[in-house]
Amino acid sequence: MTDATLPPETAQPAAKTPMQPKSLYAIDDLTRKRNAAEKRFQAYGITAIGIGLFFLVVLAYAIISQGIPAFSRTVVEVEFTLTQAQYEEAEGTLFKTRAYEEIFIGALTGQLQDSGIETPVEPEAIERIVGKPGGTIREFFRENEDRLGEPVQFDLAASSRVDGYMSGRITRESMTDSRFLMKSDLDLVDNLVEAQVIKTVFNWPFITGADAGVDNAAAAGIGASVVGSFFMMLVVLFLSLPIGVAASIYLEEFAPQNRFTDLIEVNISNLAAVPSIVFGILGLAVFIQFMHLPQSAPLVGGLVLTLMTLPTIIISTRASLKAVPPSIRDAALGVGASKMQATFHHVLPLAMPGILTGTIIGLAQALGETAPLLLIGMVGFVARGYPEGFIEGFTEPNSAMPAQIYTWAARSDLAFTEKAWGGIVVLLIFLLSMNILAIILRRRFERRW
Amino acid sequence: MKFTTLVSATALAVASTAFVGAAQARDQVQVAGSSTVLPYASIVAEAFGENTDFPTPVVESGGSSAGLKRFCEGVGENTIDVANASRKIREKEIKACADAGVKDIIEVRIGYDGIVFASQKDGPAFTAFEPVDVFNALGAKVLKDGQIVDNPYNKWAEFNADLPDVDIAAFIPGTKHGTREVFEEKVLAVGCEESGALKAMIDGGMSEDDAEDACIAVRRDGKSVDIDGDYTETLARIDTNPNGIGVFGLAFYENNTDKLKVATMNEIAPSTETIASGEYPVSRPLYFYVKKAHIGVIPGLKEYAQFFIADEIAGPSGPLANYGLVSDPELAAVQASVANEETMQ
């Protein structure tokens, strides 16, 4: 090195700002900036979670607070005697349940007038309070003809308006006199509550019962449509799981990569995005009009929902098959297993947790679906009772939980809105138990490598 | 292998249920159609199941047109037996039915449904209401100072000083509802004629048909909102809008008198009595249509039809009237025609 060449070289670093020796603990600008960005990102994340949690809490609160009244019911507890003559006379009329109601209302009015209740007891008021007990009474005496002529203890559902008064939905201030309930009736109700004739009990009939007519909100229950949903889910599970898994194993493990399989793949992904109502139209045309399967049947509902669920299951199954490391397949093939043995003995068990998760997500989606059911006749007054047997469970007309909730929400008596919220609670419980089952199964299948 | 046995067992089970399902004869009456008739049909279906040995009929909703379309798909167990309708069957539909083999149709009129205007309980009172007012408030083109102009009104009081001085906000049934047709025919068209707009339009060079169509056109500037959902949706809109006025069925209003205040029409308040007597002008008949070919094939079909219109059910003191149906003064004639299975010509 010469002196002549030195100055320019030393001048260069001098021209730049000299790097000050710094402690690693002192934070420079760039690091500060990066740290701030990270903090900001974390704050965004927490805000997002917070917003999500907030809406979850609001939703849960709304559902539970509005759904709770559906789980209690108001009953009129009375002893009632029906004579053989009255029974025969009522059975001789066309509108038998109404005849029983008239006999019952007459008997109860007499009983109350004798019992010394302060408020005047009119048969019309009693009629507005007791609702429609005729069906229950007729059914009881038809099954127990030997009980005719002796006093029988009945727990009869009070009318939906009285139920609303007891649960706080209807108040003296907010209500107006109508032929469904008069303000003066409430005095009588108060007295009957004091006399322990009217009681609030847990609403088992809501959980176990079937749908009722629009003028009989107090008797409506979700049980029958839970059964409908259950049978639909059976069809969906037993069709979509084997078909979906078989399709994805073939596509993932065996199928050659060519234009045709690519086309199938693209179509499956597209199918997952098809609006569910389209499957309803398809179901109506193919299953009911072409194949002549029964209308409004859970079997058809299940078939339609299977079509809807298949893409979800195929996509998630393929993803979980892909996630199994190739080394597992190679090891199996290396010790002489056939391709099928390698897949079924080694790959599939490892992919099982993922497959189950996908299946449950698909089923949950299918469980909450209403739109396709509209077209195959499961919305309306359909869930009228329980199927008679296992096979009838698939073929007899029935509704499903979301369809039943939708139907109730549109009815004019606000007691049905309460039922709809209660139905949502039951639907969520059904969904949660399905998820818990999935978690348990997943834990049992889970293997590590 | 466990997996394959599971698959084959499943396939077998599903195939057998499908087969049994297809082979099984239908033993319950299948009904579909108008959502206005649905509440009445559900009351009757429940009572029919409780009072006879036949299974409870299935009643689906979906609307008059959809119901009649399914009704006209043909004859056989996989088609419906009864179509509910909030309007009379159209010529076009009768023809479609005949083309598909549904030739004998029994028409059953079950009673009348009143259409009412109602506003929020605590809101302003709409008492001096007439079809003219509704037309002036909601028509697309109205008559003002002798001229046909695009609807200029923003408040009710602008054209009728007796009405409240509040913004016009109306919630009327969407075009897919049968109620919309009645609203157009009995309110808008009548109001159009009474206000003189119809005459002015024809004098202005419009053909009569065009003028009639223009009469029932509804303004599209947001003051009138079409509700495609149920009355519960209209109620929800009224709940949040104190000045709003909505169109409801009489039964729905009567079930919600603690939330709604009814508007009078020509100073007549709607009730089952005023509608039956014809004093209250806005009402329409409700029908159901029975496939005669299914009588004797589907058990309980004729019995269901007869039960529906029996005095005990559809009469003035029956459960349908109690729910809000205006019973038919000529019920006896309807009963006779069902008993004789008289079909439409």
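The values are calculated or read from the model by the stated rules, or taken from the named source; none is laboratory data. Note that the structure is a prediction, hence the values are computed from the model and not measured. Reconstructed Cβ throughout: ideal geometry from the backbone, glycine too, with neighbour counts over all protein chains shown.
Some observations on this one:
- Test set (1) within 14 Å of another protein chain (Cβ to nearest Cβ); (2) within 15 Å of the chain's Cα centre (by Cα) - B:Phe183 fails condition number: (1)
- B:Glu184 within 18 Å of B:Pro281 (Cα to Cα) and surrounded by 14 or more Cβ atoms within 10 Å (Cβ to Cβ): yes
- Check on A:Glu88, part of a helix (DSSP H, G or I), surrounded by fewer than 21 Cβ atoms within 10 Å (Cβ to Cβ) and within 14 Å of chain B (Cβ to nearest Cβ): no
- Checked against the criteria, A:Ala218 does not count as more than 24 Å from A:Trp408 (Cβ to Cβ) and either more than 14 Å from chain B (Cβ to nearest Cβ) or in a helix (DSSP H, G or I) (or both).
- Selection status of A:Gln289, of a type in the set (S, T, N, Q), over 26 Å from A:Val324 (Cβ atoms) and either within 14 Å of chain B (Cβ to nearest Cβ) or surrounded by fewer than 24 Cβ atoms within 10 Å (Cβ to Cβ) (or both): yes
Okay, residues lined up against (1) in contact (Cβ under 8 Å) with a residue 60 or more places away in the chain; (2) touching a helix residue (DSSP H, G or I) at 6+ places or on another chain (Cβ under 6 Å); (3) buried (at least 16 other Cβ atoms within 10 Å of the Cβ):
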site	(1), (2), (3)
B:Ala157	no, no, no
B:Asp162	no, no, no
B:Gly178	yes, yes, yes
B:Ala189	no, yes, yes
B:Gly196	no, no, no
B:Gly204	no, no, no
B:Glu212	no, no, yes
B:Cys215	yes, yes, yes
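- Filtered residues of the stretch A:357-388 (kept if within 14 Å of chain B (Cβ to nearest Cβ) and part of a helix (DSSP H, G or I)): A:Thr359, A:Ala371, A:Pro372, A:Leu373, A:Leu374, A:Leu375
- In this structure, A:Val235 qualifies as among the β-branched types (Val, Ile, Thr), under 20 Å from the mean Cα position of the chain (by Cα) and at the interface with chain B (Cβ under 10 Å from one of its Cβ atoms).
- Selection status of B:Tyr112, touching a residue at least 60 places away in the same chain (Cβ under 8 Å), under 12 Å from the mean Cα position of the chain (by Cα) and within 11 Å of another protein chain (Cβ to nearest Cβ): no
- Of all the criteria given as (1) modelled with pLDDT under 90; (2) in contact with a strand residue (DSSP E or B) (Cβ under 9 Å, 6 or more places away or on another chain); (3) within 10 Å of another protein chain (Cβ to nearest Cβ), the one not satisfied by B:Gln24 is (2).
- Residues satisfying the stated conditions in the stretch B:39-93, i.e. in a helix (DSSP H, G or I), among the acidic types (Asp, Glu) and surrounded by fewer than 24 Cβ atoms within 10 Å (Cβ to Cβ): B:Glu50, B:Glu91, B:Glu93
- Hits in the stretch A:140-188 - residues which are exposed (fewer than 12 other Cβ atoms within 10 Å of the Cβ), over 35 Å from the mean Cα position of the chain (by Cα) and away from every other protein chain (no Cβ under 12 Å): A:Asn144, A:Glu145, A:Asp146, A:Glu150, A:Pro151, A:Gln153
- Tally of residues being buried (at least 19 other Cβ atoms within 10 Å of the Cβ) and either among the hydroxyl-bearing types (Ser, Thr, Tyr) or not assigned by TED's automatic domain parsing to the domain that holds A:Ala255 (or both) across the stretch A:358-397: 3
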